[in-house]
1. Just for the range 54-75: of the residues that are without any contact (Cβ under 8 Å) to a residue 24 or more places away in the chain and hydroxyl-bearing (Ser, Thr, Tyr), which one is farthest from GLY40 (Cα to Cα)?
2. Of everything in the range 45-61 that's of a type outside the set (Phe, Trp, Tyr) and modelled with pLDDT under 90, which residue is surrounded by the most Cβ atoms within 10 Å (Cβ to Cβ)?
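The values are calculated or read from the model by the stated rules, or taken from the named source; none is laboratory data. Bear in mind that the values here come from a model prediction, so they are computed numbers and not experimental data. Cβ atoms come from the backbone with ideal geometry, glycine included; neighbour counts cover every protein chain shown.
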Amino acid sequence: MNFRVLFPTLLVVLAMSGCDPQINVAGAYFPAWLCSGIIGLVAFWILHLIFLRTQMIPFFVPIALFYMALYIVLTSGAWLLFFAAR
């Protein structure tokens, strides 16, 4: 790779690494992406229980792909809802 492209890219990545929002929970600071992941996991678990009760699981043919996409959508939605800049 060209040094003229690689060096500025690395500088931008290093400069932006400190831009992660921090959340104070009982005196400990957690990154916002971790809280978004936990919120997404809880929402995923609740939806999975609903899918089990309504017996909709057989309709999700590639089940691993569906569950992975569902978790990503829920986590990204939690990030946008609670932590995105307004």
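1. Residue satisfying both the conditions and the ranking: THR54.
2. Ranking the candidates gives ILE57 first.
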